[in-house]
């Protein structure tokens, strides 16, 4: 689990951790949405949302992986599948 931002008021930090836990609990559904997207546009939107939310909740590495998957969308399918696999592995490790 990522830590609250340094210097955050302790009362806000407790709320941040609660919200972070909700985000983490929703990660399996987010990955399912990405993996089962009906088309490339839906997958791109789901990846974009994950990249932004992950960064906002303190999961910078997850955000980077989601952005890498977004960039891989324009390449070979094997590159995209590898990027999605790395993303899924990172989600599983949280």
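All of the numbers you see were taken from the coordinates with simple rules; none came from a lab. Predicted, not measured: the structure shown is a model, and the values here were computed from it.
Between the helical axis of 60-72 and the longest alpha-carbon principal axis of the chain there is an angle of about 20 degrees. Rounded to the nearest 500, the 222 nm mean residue ellipticity of the chain from helices alone is -25000 deg cm²/dmol, with -39,500 (n - 2.57) taken per DSSP H run of at least 4 residues.
Applying D = kT/(6 pi eta Rh) to the chain, where Rh is the Kirkwood radius over alpha-carbon pairs, T corresponds to 25 °C and eta to 0.890 mPa s, the Stokes-Einstein value obtained is 179 µm²/s.
Between 0 and 90 degrees, the angle of helix 10-25 with respect to the longest Cα principal axis of the chain falls at about 30 degrees. Between the helical axis of 40-56 and the longest alpha-carbon principal axis of the chain there is an angle of about 20 degrees.
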